[in-house]
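The values are calculated or read from the model by the stated rules, or taken from the named source; none is laboratory data. Keep in mind the model is a prediction, meaning the values are calculated, not measured. FYI the Cβ positions are ideal-geometry reconstructions off the backbone, even for glycines, and counts take in every protein chain you see. These area figures cover heavy atoms from the full protein model, side chains too; ligands, DNA and RNA do not enter into them. Shrake-Rupley method; radii C 1.70, N 1.55, O 1.52, S 1.80 Å.
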Amino acid sequence: MALIHTARDVVAPDYSPKLETVLQTAEFDRPTLVVDTDIVAENFRALKRGLGDAAVHYAVKANPHPEIIARLHAEGCGFDAASRGEIELCLAQGIRPRNISFGNTIKRERDIAFAHQAGITLFAADAEEELHKIAGAAPGARVYIRVIVEPNGADWPLTRKFGCAAERVQPLMQLALDLGLEPVGLSFHVGSQTRYAHMWSDTLAQVARIWHDACDAGFDLTLLNIGGGFPGYYGDEIDGAEPYAADVMAQVRALFGPEPQIMAEPGRSLVANAGAIAAEVLLVSRKSDTDLHRWVYLDIGRFSGLAETEGEAIRYQFETPHDGEETGPCILAGPSCDSVDVLYEKRPMPLPLSLAAGDRVIIRGCGAYTSTYSSVGFNGFPPLDVRVI
Ligand SMILES: *Cc1c(COP(=O)(O)O)cnc(C)c1O
């Protein structure tokens, strides 16, 4: 099996013979994500070179495998956790609490207390009630206020659910002060899989207005958390990690000046290209004699790791043992008895005509948001297996 497209020229670090060998030769009895932590480490270094003096906190939810956490920790990365479970995972790897932020704006009060007792001092909030919870359970904590930003065309937007409108920022900061908290700055998320650095400009301008207004009003802001959004490679051209990050940082410094401490929370870009899923074709069929498409059913689907195919937002690349042969359009679906478990239908996927049940299919760029999205056992299918090499 040859690599039909390669990310090497665009974004990915060196091709990994280790990963290829396991993908091509290992036996798997169920869909398995194979992750090469050397690639994760290289991704981190490239991003860090571009980000310069910004603190990098890996968004654990992208892929919480303990060996990935340990490897990033060894590289000097910090961590952004969204729950007590993610905090415990980081602490178990020996990560110091001061290198962990609790960045979910929706936290259980008991979990805030747990984080506080563990020594974590940096929390996100976007609502009054959340500030009251933090003040009660983590007195004196540093908080940053998450703001809503307009969608920028990211492939996987993270708007609306999180953040507050601009006019809410200063009242929340004042409340934080009144409650004895330390409102240190702002955060936002530009939208996951923001393919080009120039797509950040509108968002950064919005946030800069809010930032400068708050500074003019007398708030002492020292921390800007620029969130995630750095892209992974899925076949469409993207900027390389280092120039992309450098471009974003140049925009940030131009708008916010040299003083603020910058923090970034990349998830996808550190792990996406470090992993590929080995899956299997279960059935190839046509629904009628005149059907123009074949239906290809895999042993992995929407509920067993490929949730980001929702709305066909993330389009993975597939490799088969027949690559290079003639192809035809396929509707690609998962194995469960649920009719939404269809991966690609609006834009069918060209796959070799000779594809048949039993063929191994390798799905590229699956290191991020796959294992964490896999259900425990919907329809009796086991969750995605993960093998770290
Ligand atoms: C998910 C998430 C991230 C990571 O986003 P990516 O687009 O994967 O880099 C960062 N920050 C927060 C608050 C998140 O929820």
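If you go through segment 240-251 and pick out every residue that is in contact (Cβ under 8 Å) with a residue 12 or more places away in the chain and surrounded by fewer than 22 Cβ atoms within 10 Å (Cβ to Cβ), you end up with 7.
Any residue at all in segment 195-210 that is under 16 Å from the mean Cα position of the chain (by Cα), within 14 Å of the ligand (Cβ to nearest atom), within 22 Å of residue 164 (Cα to Cα) and surrounded by 15 or more Cβ atoms within 10 Å (Cβ to Cβ)? No - not one qualifying residue is present in segment 195-210. Each residue in segment 268-316 was checked for being open to solvent by less than 10 Å² (accessible area, probe 1.4 Å) and in contact with a strand residue (DSSP E or B) (Cβ under 8 Å, 6 or more places away or on another chain), and 20 pass. Taking the listed residues 325, 265, the one that is of a type outside the set (S, T, N, Q), over 30 Å from residue 86 (Cβ atoms) and open to solvent by 10 Å² or more (accessible area, probe 1.4 Å) is 325, with no other qualifying. Inclusion of residue 389 among residues that are closer than 30 Å to residue 37 by Cβ, surrounded by fewer than 21 Cβ atoms within 10 Å (Cβ to Cβ) and either in the same structural domain as residue 236 (by TED's automatic domain parsing) or among the hydrophobic types (A, V, I, L, M, F, W, C) (or both) is warranted. Only residues that are exposed (fewer than 14 other Cβ atoms within 10 Å of the Cβ) and of a type in the set (S, T, N, Q) were counted in segment 328-357, giving 2. Any residue in segment 150-163 that is outside any loop (DSSP other than H, G, I, E, B), under 18 Å from residue 261 (Cα atoms), touching a strand residue (DSSP E or B) at 6+ places or on another chain (Cβ under 7 Å) and within 14 Å of the ligand (Cβ to nearest atom)? Looking through segment 150-163, none of the residues is outside any loop (DSSP other than H, G, I, E, B), under 18 Å from residue 261 (Cα atoms), touching a strand residue (DSSP E or B) at 6+ places or on another chain (Cβ under 7 Å) and within 14 Å of the ligand (Cβ to nearest atom).
Whenever a residue of segment 158-183 is hydroxyl-bearing (Ser, Thr, Tyr), its partners that are open to solvent by less than 20 Å² (accessible area, probe 1.4 Å), lying with C-beta atoms within less than 7 angstrom and at least six residues away or across chains, give the pairs 159/149; 159/191. Residues in segment 64-79 that are outside any loop (DSSP other than H, G, I, E, B), open to solvent by 20 Å² or more (accessible area, probe 1.4 Å) and within 15 Å of the ligand (Cβ to nearest atom): none. When restricted to residues that are at positive phi and in contact with a helix residue (DSSP H, G or I) (Cβ under 8 Å, 6 or more places away or on another chain), segment 329-382 contains 2. Out of all the residues in segment 92-103, which are outside any helix (DSSP H, G or I) and open to solvent by 40 Å² or more (accessible area, probe 1.4 Å)? If the condition is that a residue be outside any helix (DSSP H, G or I) and open to solvent by 40 Å² or more (accessible area, probe 1.4 Å), then 93, 94, 96 are the ones that fit.
Checking each residue of segment 47-55 against the condition of being surrounded by fewer than 23 Cβ atoms within 10 Å (Cβ to Cβ), closer than 30 Å to residue 109 by Cβ and not assigned by TED's automatic domain parsing to the domain that holds residue 319 gives at least one match.
Among residues of segment 76-95 that are over 16 Å from residue 372 (Cβ atoms), those with a beta-carbon under 9 Å from a residue that is aromatic (Phe, Trp, Tyr) and within 14 Å of the ligand (Cβ to nearest atom) at least six positions away or on a different chain give the pairs 76/44; 77/44; 77/58; 78/58; 93/79; 95/79. Looking at residue 145, is it at pLDDT 95 or above, within 14 Å of the ligand (Cβ to nearest atom) and assigned by TED's automatic domain parsing to the domain that holds residue 177? Yes; evaluated as a whole, the condition is true for this residue.
Within segment 220-239, restricting attention to residues that are surrounded by fewer than 19 Cβ atoms within 10 Å (Cβ to Cβ) and farther than 22 Å from residue 78 by Cα, the residue that is nearest to the ligand (Cβ to nearest atom) is 236. Taking the condition of being more than 16 Å from the ligand (Cβ to nearest atom) and more than 19 Å from residue 371 (Cα to Cα), how many residues in segment 263-310 meet it? Summing the residues that are more than 16 Å from the ligand (Cβ to nearest atom) and more than 19 Å from residue 371 (Cα to Cα) in segment 263-310 gives 17. Being over 24 Å from residue 222 (Cβ atoms) and either outside any helix (DSSP H, G or I) or within 12 Å of the ligand (Cβ to nearest atom) (or both) holds for only one residue in 33, 89, 47, and it is 33. Residues satisfying the criterion are absent from segment 199-210 (criterion: in a loop (DSSP other than H, G, I, E, B) and not assigned by TED's automatic domain parsing to the domain that holds residue 308). Against the definition (over 30 Å from residue 75 (Cα atoms) and open to solvent by 60 Å² or more (accessible area, probe 1.4 Å)), how does residue 259 come out, yes or no? Taking the combined requirement at face value, the residue does not satisfy it.
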